[in-house]
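A short write-up of the structure that comes next.
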Amino acid sequence: MTTSTVFVVGPRLTRLVARRAPHATLRLRTFTVPTEATFTEQGVDVALISEGHFSPFPRERLYNDRCVVAAAPDTPPEASALDLLTTQPHVVVDTERRVFPYALLEEKGIPYRVGQLSSDFLLVPFLVARAGGVALLRHRVALAMQALTELRIEEFPFPLPGLGIDMVWNPRLGDRHFAEWLRALLFEAAAPA
């Protein structure tokens, strides 16, 4: 069994590893574009990346999700998702470019206003719930955050392709039994709760 440092894992995966292999830790990286150094210098077994990121290595789909509109609980109950997107200030991560699906809003000429910037993606749902406004989140993130803070969740008003997370395996990983065990563990952790 492989032992090393856990870079970033979710609590569900951490519990599964602790229960099934208490003396093993996993070498994972999340949302990074894997390079040769990821697998050699950092010794990563598998990198988890968004489908929007390029990878020079083969990938395997871990799960699909969708984008939803998360709004403050005090938004007008009769307002549709499109109304929320056009009338409420948006809480977004402080970045130079607006990420998916803001490009679709711009393509369709849907006006929106950025009201608050956040330095951390995980703060966005809390800021929406506490300070008001809307945010575009993955459905699973919105549901998880809804358990921690009050959020209104509405479906995105236009058809969108799924938001997928892929696994990129270390091409030098020779232990097939370990890879199969880890694959099963990752799929279990990624399954809807």
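Odds and ends about this structure:
- Matching residues in region 34-52 - criterion: being over 22 Å from the mean Cα position of the chain (by Cα) and among the β-branched types (V, I, T): T40
- Residue in region 94-108 that is in contact with a Ser or Thr (Cβ under 6 Å, 6 or more places away or on another chain) and acidic (D, E) present: yes
- Of residues in region 102-111 being assigned to a loop (DSSP other than H, G, I, E, B) and either within 21 Å of L163 (Cβ to Cβ) or of a type in the set (A, V, I, L, M, F, W, C) (or both), the one least open to solvent (accessible area, probe 1.4 Å): I110
- Where Q88 falls short, out of the listed (1) under 18 Å from R138 (Cβ atoms); (2) in contact with a Gly (Cβ under 7 Å, 6 or more places away or on another chain): (1)
- Filtered residues of region 127-174 (kept if surrounded by fewer than 17 Cβ atoms within 10 Å (Cβ to Cβ), of a type in the set (V, I, T) and outside any loop (DSSP other than H, G, I, E, B)): I153
- Some residue of region 34-50 being in contact with a Gly (Cβ under 7 Å, 6 or more places away or on another chain) and part of a loop (DSSP other than H, G, I, E, B): no
- The single residue among V114, V99 that is farther than 30 Å from E180 by Cα, in contact (Cβ under 8 Å) with a residue 24 or more places away in the chain and outside any helix (DSSP H, G or I) turns out to be V114.
- Test: residue in region 13-33 that is open to solvent by less than 20 Å² (accessible area, probe 1.4 Å), over 14 Å from A189 (Cα atoms) and at pLDDT 80 or above: no
- Residues of region 54-76 classified as under 30 Å from Q88 (Cα atoms) and either of a type in the set (F, W, Y) or under 17 Å from the mean Cα position of the chain (by Cα) (or both), total: 7
The values are calculated or read from the model by the stated rules, or taken from the named source; none is laboratory data. Just so it is clear, the structure is predicted and the values come from calculations on it, not from any experiment. A quick note on method: Cβ atoms are made from the backbone with ideal geometry, for glycine too, and the neighbour counts reach across all protein chains shown. The protein model used for the area step is the full one, side chains on, heavy atoms only, and it has no ligands, DNA or RNA in it. Shrake-Rupley method; radii C 1.70, N 1.55, O 1.52, S 1.80 Å.
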